[in-house]
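Asker: Below is the structure I would like to discuss, written out as structure tokens.
The values are calculated or read from the model by the stated rules, or taken from the named source; none is laboratory data. Source: prediction; values computed, not measured. Positions of Cβ are backbone-derived with ideal geometry, glycine not excepted, and every protein chain shown enters the neighbour counts.
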């Protein structure tokens, strides 16, 4: 059942498609930043891609997510705000999506949150989950790999030729980057 969101009113199908395109675009930018050696910027782009992915998945699964909730206040929040995926809500939303059968989303969300911390804090030993820049690079690549693998399965019914072409381009770019990287 297609539902009209309470605020703001949006065309749900167009919004989902836009978020899917955003996932691909942000991951492409993340790879470009990695190639330029800008790992904190690459981490930021990977994080934004995961937020866009979770946003699309909230809307794709909104009825099922609402059925999980037992609290009217939480249902209203899902209807009005969850699709914007506030950073502080990523963990909870990913746990709900996990409960719906998206088993890998928890690990993807956790890795994205670690990269978000790295983006803000760099290698600060008091705040960063990473001790070396190469650890962050490896996590960014692992995250991009995971999202590229799952994106068609989780959102494929909203795809068109442009999205397919862009994902193929992203996949090739990722493989080229991995081939050029020295072994760790």
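Asker: In the set 80, 150, which member is closer than 27 Å to residue 179 by Cα and surrounded by 13 or more Cβ atoms within 10 Å (Cβ to Cβ)?
Answerer: Exactly one of 80, 150 is closer than 27 Å to residue 179 by Cα and surrounded by 13 or more Cβ atoms within 10 Å (Cβ to Cβ), namely 150.
Asker: Still on this model: Just need a number here: residues in region 31-58 that are under 12 Å from the mean Cα position of the chain (by Cα), within 14 Å of residue 143 (Cβ to Cβ) and in contact (Cβ under 8 Å) with a residue 24 or more places away in the chain.
Answerer: 11
Asker: Residue under question is residue 163, and the condition is that it be assigned to a helix (DSSP H, G or I), in contact (Cβ under 8 Å) with a residue 60 or more places away in the chain and out of contact with any strand residue (DSSP E or B) (no Cβ under 8 Å at 6 or more places or on another chain); does it hold?
Answerer: yes
Asker: For region 77-104, name all the residues that are more than 20 Å from residue 153 (Cα to Cα) and not in a helix (DSSP H, G or I).
Answerer: Hits for region 77-104 are 81, 85, 86.
Asker: Within region 4-14, does at least one residue satisfy the condition of being more than 26 Å from residue 119 (Cβ to Cβ), part of a helix (DSSP H, G or I) and free of Cβ contacts under 8 Å to residues at least 60 places away in the same chain?
Answerer: Yes, that holds for at least one residue.
Residues checked against (1) in contact with a helix residue (DSSP H, G or I) (Cβ under 7 Å, 6 or more places away or on another chain); (2) within 30 Å of residue 74 (Cα to Cα); (3) at pLDDT below 95:
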| site | (1), (2), (3) |
| --- | --- |
| 1 | yes, yes, yes |
| 4 | no, yes, yes |
| 10 | no, yes, yes |
| 19 | yes, yes, no |
| 26 | yes, yes, no |
| 34 | yes, no, no |
| 42 | yes, no, no |
| 46 | yes, yes, no |
| 57 | yes, yes, no |
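Asker: Could you say whether any residue in region 62-76 is in a helix (DSSP H, G or I), crowded, with 19+ Cβ neighbours inside 10 Å and within 15 Å of the chain's Cα centre (by Cα)?
Answerer: No, region 62-76 has no match at all.
Asker: What is the residue count in region 111-145 for residues that are closer than 27 Å to residue 172 by Cα and touching a helix residue (DSSP H, G or I) at 6+ places or on another chain (Cβ under 8 Å)?
Answerer: Final tally of qualifying residues: 18.
Asker: Given the conditions (1) touching a helix residue (DSSP H, G or I) at 6+ places or on another chain (Cβ under 7 Å); (2) closer than 15 Å to residue 51 by Cβ; (3) loosely packed, with under 15 Cβ neighbours inside 10 Å, report the number of the one that residue 88 does not fulfil.
Answerer: Here residue 88 clears every test but (1).
Asker: List pairs: first residue in region 88-112 and at positive phi and without any contact (Cβ under 8 Å) to a residue 24 or more places away in the chain, second residue in a helix (DSSP H, G or I) and surrounded by 14 or more Cβ atoms within 10 Å (Cβ to Cβ) anywhere in the structure, Cβ distance under 8 angstrom, at least six positions apart or on different chains.
Answerer: Going by the 8 Å Cβ cut-off, there are no qualifying pairs.
Asker: Shifting gears a bit: Could you grab me the full set of residues in region 105-134 that are surrounded by 20 or more Cβ atoms within 10 Å (Cβ to Cβ) and not in a helix (DSSP H, G or I)?
Answerer: 130
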